[in-house]
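Enquirer: Let me give you the structure first, and then I'll get to my questions.
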Amino acid sequence: MATYKEIVTKAVIAKGKKDFKDVYTITTEIEPSTVLGCWVINHNFKGYPQGGKIVIEGSFDVNIWYSFDKDTKTNVISKTITYSDTSSVRSKDNEITDDTEVIVRSLKQPTCSKVEIKDGDIEFTIEKELGIEIIGDTKAKILVEEDEDPWEIIGNNIDEEIDNEVNENYINEI
């Protein structure tokens with residue numbers, strides 16, 4: 001007859017993903033004529049529980065290449081953007097407390113989806129997607145068989161038996 005046992009272990013007890021779309025503005029020393037490019041690099045972030053929700057704090061660097069002086073000269077402006085986003089993750093069985101373990105993953109790195117010049121400033125839109133996993137204790141039931149399979153007896157001459165089964169002319173026969 002089979003019996004069941006419970007194993008208590010840590011596992012992902014809840015997870016979700018969220019898209020973020022934020023608009024930022026940079027003021028340049030010289031009024032830009034045209035924006036030539038926008039790059040987002042050095043994305044760093046961490047997540048932690050607070051008040052039953054997940055707070056994600058992070059930063060990334062934005063480099064914007066633009067022309068000025070009637071498109072005769074160019075410059076690159078760099079800025080570090082910091083952010084703090086709050087998100088709710090539904091957990092079926094467990095309550096999210098301030099000591100809950102949280103793992104945050106970047107599912108889509110921050111990218112610039114839109115950039116334009118407005119009133120002499122550069123306005124740009126950054127999109128990113130983050131995945132959040134909540135780690136907690138859970139139980140798993142496993143089937144335990146009482147009658148264990150018998151141990152196979154391994155002879156001392158096992159290497160000799162294998163050597164005798166090898167066909168040395170295998171390549172020649174093909």
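All of the numbers you see were taken from the coordinates with simple rules; none came from a lab. From a predicted model like this one, the values you see are computed outputs, not experimental measurements. In this analysis, Cβ positions are derived from the backbone assuming ideal geometry, glycine residues included, and neighbour counts consider all displayed protein chains.
Enquirer: Could you please find all residues in segment 66-92 being under 24 Å from Val23 (Cα atoms) and either loosely packed, with under 11 Cβ neighbours inside 10 Å or of a type in the set (Val, Ile, Thr) (or both)?
Expert: Thr74, Val76, Ile77, Thr80, Ile81, Thr82, Ser84, Thr86
Enquirer: Kindly list, by first and then second residue, each pair from a residue in segment 119-140 that is touching a residue at least 60 places away in the same chain (Cβ under 8 Å) and under 22 Å from Ile56 (Cα atoms) to a residue that is in a loop (DSSP other than H, G, I, E, B) and hydrophobic (A, V, I, L, M, F, W, C), limited to pairs with Cβ atoms under 7 Å and residues at least 6 apart or on different chains.
Expert: Ile132/Val89; Ile134/Val89; Ile134/Ile96
Enquirer: Please determine, by comparing only the residues of segment 17-57 that are of a type in the set (Gly, Ala, Ser) and exposed (fewer than 15 other Cβ atoms within 10 Å of the Cβ), which one is farthest from the chain's Cα centre (by Cα).
Expert: Taking the candidates together, the pick is Gly37.
Enquirer: Let me ask something additional. Considering only segment 25-48, state which residues are of a type in the set (S, T, N, Q), part of a strand (DSSP E or B) and more than 25 Å from Glu129 (Cα to Cα). Spell out the reasoning first.
Expert: Taking segment 25-48 and keeping what is of a type in the set (S, T, N, Q), we get 25, 27-28, 33-34, 42, 44.
Imposing the further condition that a residue be part of a strand (DSSP E or B) reduces the set to 25, 33-34, 42, 44.
Matches in segment 25-48: Ser33, Thr34.
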